[in-house]
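Reviewing the structure listed below.
The values are calculated or read from the model by the stated rules, or taken from the named source; none is laboratory data. Just so it is clear, the model here is predicted, and its values are computed rather than measured. Backbone-built Cβ (ideal geometry, glycine too); neighbour counts: all protein chains shown. Note: accessible area is taken over every heavy atom of the protein model, side chains too, but ligands, DNA and RNA are not part of it. Shrake-Rupley method; radii C 1.70, N 1.55, O 1.52, S 1.80 Å.
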Amino acid sequence: MPSGFAIQTRDLGVRYSLRFTKKTSIRRSFARLLKRNRGEKSFWALRGLSITVAPGESVGIIGPNGAGKSTLLQVLAGIIMPSEGIVEVNGHVSTLLHLQAGFDQELSGRENIMLAGALMGIDHKVMEERQESIVDFADIGAFIDAPLRTYSSGMRAKLGFSIATAVDPDILLLDEVLQTGDEAFREKSHQRIADVLGAAKAVVLVSHDMSWITEFCNRAILLERGSIVADGKPDEVVATHMEHSEHRKQKYREVLEGMRSGRIAVRGRPKQLVREAERTGRQIPAIAPEDEREPLARP
Amino acid sequence: MQIATEAPSSFRSSAVRPGALGLIREALAETFGRRRLIRHLISADIRRKGSDTLLGNVWWVLDPLLQMTVYLILLSVILRRSTPDFPLFLFAAILPWKWFASSINDAVSSVVRQERLIKQVQFPKVVLPVSAVAAEVLNLAFGFVIVLLMLAVFFPAHATINVLWLPVIAAVQFVFTLGLALLVSAINVFYRDVGILSGHLIRLWFFLSPAIWSFDSSAGRFGAIEEALGEAGVSLLRANPFAVLLTAYRDVIYGRVNEAGDGFTPGQSPDLIALGMLLLLSIGLLILGTIIFKRLEPAFAKVL
């Protein structure tokens, strides 16, 4: 690696358009054209992110749901292009995002190994060399030559894990997908992950399991609403995260309480209300003073 | 350790996208650099189609033959049309049409179908429509074998050396199909309507193309269309890319029906000027399709 970093982002921003989603149709687009400017058209999943990961660092990304953790991994993997700013990655990236994503039902286990290799852009010869060790690790017997549709979900998971961890990358991006297979395989895979993590030059790991962060990482970043809130030693950042999420839970409870007693005049799920309020920076329409309160009709 | 890769490993991505020329260069590099991936996808595709039916890949050959039979019955028995050697007349056009229709049909959903993959692995998405279209080439190759067999066994009077033009005509059609495939597969990500609509549009297109009729003879078959559409309509029909393609296929395989509609002249060379112009148009379409596909590509992972 020539320069002094493994990953660098500068002022990285990712914007999602709300115009197009999986379910847009021409009809909806026309409808939207007619009532222009109504509602938000886009939102920033990440904004103004500048992170430098040095070789040898193992960074844990934590944060509440919807903070942009997975989006960040997708950008670092090159799956999503930034809407603003720059991402630079020095070295071969492997994601363990995709345990089973590339599988084809009709191909055999062996053929799927080669297909996965081709998808990841790994040289055919290298993949041929590794095929045996992947087959050994997956340990699914004669099924390796049968079409994938005959596999149990456990077998699929084992094969997926074996392929994903067989390529030793310079930079490893991990989303929490690691709990697979039966008890014995899980133990074996835990060891394998530790090995792969040790071998990679840099690691970025997203997890809700704080023990993973403190066990495997030497740096942690707390993301909230698409920006960095804390960055530093895993213990400290995890502590901050716990504090924040405790605070959020407290808020939920308050809102829930408020709804029950009728002090909150809006309907909705408490979690959503709190998240919405956090995102927009507005107060939840009132935890109104006692004397003005108007009990909601209970459904 | 440094592992050998078929794709560049280090990368730098930013909001700035290359211009039109850069996009085309990128698409070319991706298609050729990842040909092994394309090959894997093609073989998976062929396997998938072969495995869920009893007759498997025999359907490649049976399908256009059966379709020919349907039109044969419809036109010659019910509508009492008599064209000399009608089966060959029909098959010469239905086979390439079938190739086009199923290529587009597969390509439309090629990107959308790989939703999970696109969101989880970084790979050039061009390989998806490219492999969908390329997988169908085998289809056509088998069909051509049938054509040659038909010529040799049943219709030797039509056979001439001009059959050798077939790969050339097919190549022009391939370029046209690929361009259109890139276009529709990308747009279908944003508007799923395209997938539904395309099936119907293709069926309409079939009847507007000289597949079950031809421009040649005035005896009953083209005359009615001419009357219904008028001069302007007919020249519009002639401008249709598939008017050029299907006529060319029929010229080299079947030949031409004579004016009276009761005889034929055997296989002859195609209209090379029309084919050449269509090739230019197809290359233009391919360039346009590539640019639009590459422009939209970064948004795929977000929209799906």
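Among B:L197, B:L128, B:L180, B:L117, which is under 20 Å from the mean Cα position of the chain (by Cα) and farther than 21 Å from B:A211 by Cβ? Spell out how you get there, then give the answer.
On the way: B:L197 fails: farther than 21 Å from B:A211 by Cβ; B:L180 fails: farther than 21 Å from B:A211 by Cβ; B:L117 fails: under 20 Å from the mean Cα position of the chain (by Cα).
Every option except B:L128 fails the conditions.
Results for (1) in contact with a Gly (Cβ under 9 Å, 6 or more places away or on another chain); (2) within 30 Å of B:V16 (Cβ to Cβ); (3) outside any helix (DSSP H, G or I), shown as yes or no for each residue.
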{"position": "A:I80", "(1), (2), (3)": "no, yes, yes"}
{"position": "A:V87", "(1), (2), (3)": "yes, yes, yes"}
{"position": "A:G91", "(1), (2), (3)": "no, yes, yes"}
{"position": "A:E111", "(1), (2), (3)": "no, no, no"}
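With crowded, with 18+ Cβ neighbours inside 10 Å, under 26 Å from A:D170 (Cβ atoms) and either out of contact with any helix residue (DSSP H, G or I) (no Cβ under 8 Å at 6 or more places or on another chain) or at pLDDT 85 or above (or both) as the only criterion, which of A:P55, A:P2, A:P82 stands out? Step through it out loud before you land on a result.
Details: A:P55 fails: crowded, with 18+ Cβ neighbours inside 10 Å; A:P2 fails: crowded, with 18+ Cβ neighbours inside 10 Å.
Matching residue, one of A:P55, A:P2, A:P82: A:P82.
Please go through (1) modelled with pLDDT under 80; (2) within 21 Å of A:E57 (Cα to Cα) for A:A184 and return the number of the only condition it doesn't satisfy.
Among (1) modelled with pLDDT under 80; (2) within 21 Å of A:E57 (Cα to Cα), A:A184 violates only (2).
With the requirement that a residue be at the interface with chain A (Cβ under 9 Å from one of its Cβ atoms) and among the acidic types (D, E), what does segment B:102-119 give you?
B:E115
Hey, does segment B:40-56 have a residue that's in contact with a Ser or Thr (Cβ under 8 Å, 6 or more places away or on another chain) and open to solvent by 50 Å² or more (accessible area, probe 1.4 Å)? Can you show your working first?
Applying the first criterion (in contact with a Ser or Thr (Cβ under 8 Å, 6 or more places away or on another chain)) to segment B:40-56 yields B:41-42, B:45.
Imposing the further condition that a residue be open to solvent by 50 Å² or more (accessible area, probe 1.4 Å) reduces the set to none.
Scanning segment B:40-56 turns up no residue that is in contact with a Ser or Thr (Cβ under 8 Å, 6 or more places away or on another chain) and open to solvent by 50 Å² or more (accessible area, probe 1.4 Å).
How many of the residues in segment A:38-91 are within 14 Å of the chain's Cα centre (by Cα) and more than 11 Å from every other protein chain (Cβ to nearest Cβ)?
Matching residues across segment A:38-91 total 13.
So which residues in segment A:162-174 are modelled with pLDDT under 80 and within 9 Å of chain B (Cβ to nearest Cβ)?
Passing the criteria: A:V167, A:D168, A:P169.
Would you call B:L201 within 26 Å of B:L148 (Cα to Cα), in a helix (DSSP H, G or I) and open to solvent by 30 Å² or more (accessible area, probe 1.4 Å)? I'd like the intermediate steps shown before the answer.
Numbers: within 26 Å of B:L148 (Cα to Cα): no; in a helix (DSSP H, G or I): yes; open to solvent by 30 Å² or more (accessible area, probe 1.4 Å): yes.
Spelling it out, it is not the case that B:L201 is within 26 Å of B:L148 (Cα to Cα), in a helix (DSSP H, G or I) and open to solvent by 30 Å² or more (accessible area, probe 1.4 Å).
Based on this model, can you work out whether B:S214 counts as under 25 Å from B:G276 (Cα atoms) and either open to solvent by 40 Å² or more (accessible area, probe 1.4 Å) or at pLDDT below 90 (or both)? Don't jump to the end; show me each part of the working.
Values: under 25 Å from B:G276 (Cα atoms): yes; either open to solvent by 40 Å² or more (accessible area, probe 1.4 Å) or at pLDDT below 90 (or both): yes.
So B:S214 passes the test.
Specify which of the listed residues (B:A243, B:A301, B:A274, B:A248) is open to solvent by less than 60 Å² (accessible area, probe 1.4 Å), within 14 Å of chain A (Cβ to nearest Cβ) and in contact (Cβ under 8 Å) with a residue 24 or more places away in the chain. Outline the logic, then answer.
On the way: B:A243 fails: within 14 Å of chain A (Cβ to nearest Cβ); B:A274 fails: within 14 Å of chain A (Cβ to nearest Cβ); B:A248 fails: within 14 Å of chain A (Cβ to nearest Cβ).
Just a single option satisfies the conditions, and that option is B:A301.
A:T150 passes all but one of (1) open to solvent by less than 10 Å² (accessible area, probe 1.4 Å); (2) over 21 Å from the mean Cα position of the chain (by Cα); which number fails?
(1)
Just checking, how many residues over segment A:96-134 are at the interface with chain B (Cβ under 7 Å from one of its Cβ atoms) and hydroxyl-bearing (S, T, Y)?
The qualifying residues number 0.
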